Amino acid sequence: MATQATGSSSCAYVRPTIAEAVLVILMGLTAKTALDQMFVFVPHLGGPTKVWEGVAQDLGLHILLLGQLCLLFFTSLRFYLGSLRYHQARQRQPSSKLFVLIFDMIGNTIIFVGFYLCALAIRSTMSFYLYVAGFHVFDLAWFIGACWLSMGKDLQKVMKRFIWYDIVTVGLFGVSLAVFHPNYGAPYFFQWACMAVLLFVGVVDFKQNAALYRGESFQ
């Protein structure tokens, strides 16, 4: 937060860092792409009746796709808030160097490219989860690397939580694939299991890091 005074009045405003500006751009791009892909056929349909007829042909699939869209937004919000607070904490550290910013920006960009691929594959029932697992693996690698850099104990504690969230997510995705493999003939069980994993980990994340996401403190 920065404050500038002009004459007898002052105006308070937030001056975003480079990292925060890039995060906003990538988040917006991901949301727009997901919505464009999800509703790509709407302009070519002949009205509400045609829309319902198309949905009714495979209602289970369309409910699944809507669930994927909601979970993508939910998960991207988690990652956006986590990345935002992480960069704000880095900014408060006077020892931060250019290398740290470059390292973090490369990691952030790779992860949100993963979100963009998920948005492109939002109508897929398999590739979507491959990309979700992929950006969790990259996120895990990024935070492991970041833990080697100098930071406060409170931030390091939170980052270790993020590492565990990634490990649990990827691990449970693997269990879901083994138990509910699509070739076993169970329609969409694997997909719903993966979405349940994302919802569970997300709820735990928001509960444990509520103060952090509100910008209050590290707990």
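The values are calculated or read from the model by the stated rules, or taken from the named source; none is laboratory data. Just so it is clear, the structure is predicted and the values come from calculations on it, not from any experiment. All Cβ positions, even for glycine, are placed from backbone atoms using ideal geometry, and neighbour counts span all protein chains on display.
Within the range 125-134, is there a residue that is among the β-branched types (Val, Ile, Thr), under 26 Å from GLN88 (Cα atoms), at pLDDT 85 or above and buried (at least 18 other Cβ atoms within 10 Å of the Cβ)? Before the answer, list the steps.
First, the residues of the range 125-134 that are among the β-branched types (Val, Ile, Thr): 125, 132.
Now narrow it down to the ones that are under 26 Å from GLN88 (Cα atoms): 132.
Adding the requirement that they be at pLDDT 85 or above leaves 132.
If we keep only those that are buried (at least 18 other Cβ atoms within 10 Å of the Cβ) as well, we get 132.
Yes, the range 125-134 contains a residue that is among the β-branched types (Val, Ile, Thr), under 26 Å from GLN88 (Cα atoms), at pLDDT 85 or above and buried (at least 18 other Cβ atoms within 10 Å of the Cβ).
Contact annotation: residue pairs with Cβ atoms under 8 Å, 6 or more positions apart or on different chains, pairing a residue in the range 135-146 that is within 7 Å of GLY107 (Cβ to Cβ) and in contact (Cβ under 8 Å) with a residue 24 or more places away in the chain with a partner that is assigned to a helix (DSSP H, G or I) and aliphatic (A, V, I, L, M), are TRP142/ILE110; TRP142/ILE111. Checked against (1) surrounded by fewer than 16 Cβ atoms within 10 Å (Cβ to Cβ); (2) modelled with pLDDT under 90; (3) outside any loop (DSSP other than H, G, I, E, B); (4) aromatic (Phe, Trp, Tyr), PHE200 passes all but a single condition, namely (2).
Within the range 127-137, the presence of at least one residue that is farther than 22 Å from LEU69 by Cβ, in a helix (DSSP H, G or I) and under 17 Å from the mean Cα position of the chain (by Cα) is confirmed. Of GLY28, GLY67, all but one fail to be of a type outside the set (A, V, I, L, M), surrounded by 14 or more Cβ atoms within 10 Å (Cβ to Cβ) and at pLDDT 65 or above; the exception is GLY67. Condition check for ILE122 on (1) touching a helix residue (DSSP H, G or I) at 6+ places or on another chain (Cβ under 7 Å); (2) in contact (Cβ under 8 Å) with a residue 12 or more places away in the chain; (3) outside any loop (DSSP other than H, G, I, E, B): one failure, at (3).
Please find, among GLN57, GLN91, the residue that is at pLDDT below 75 and under 26 Å from TYR129 (Cα atoms).
Details: GLN91 fails: under 26 Å from TYR129 (Cα atoms).
Going through GLN57, GLN91 in turn, the sole match is GLN57.
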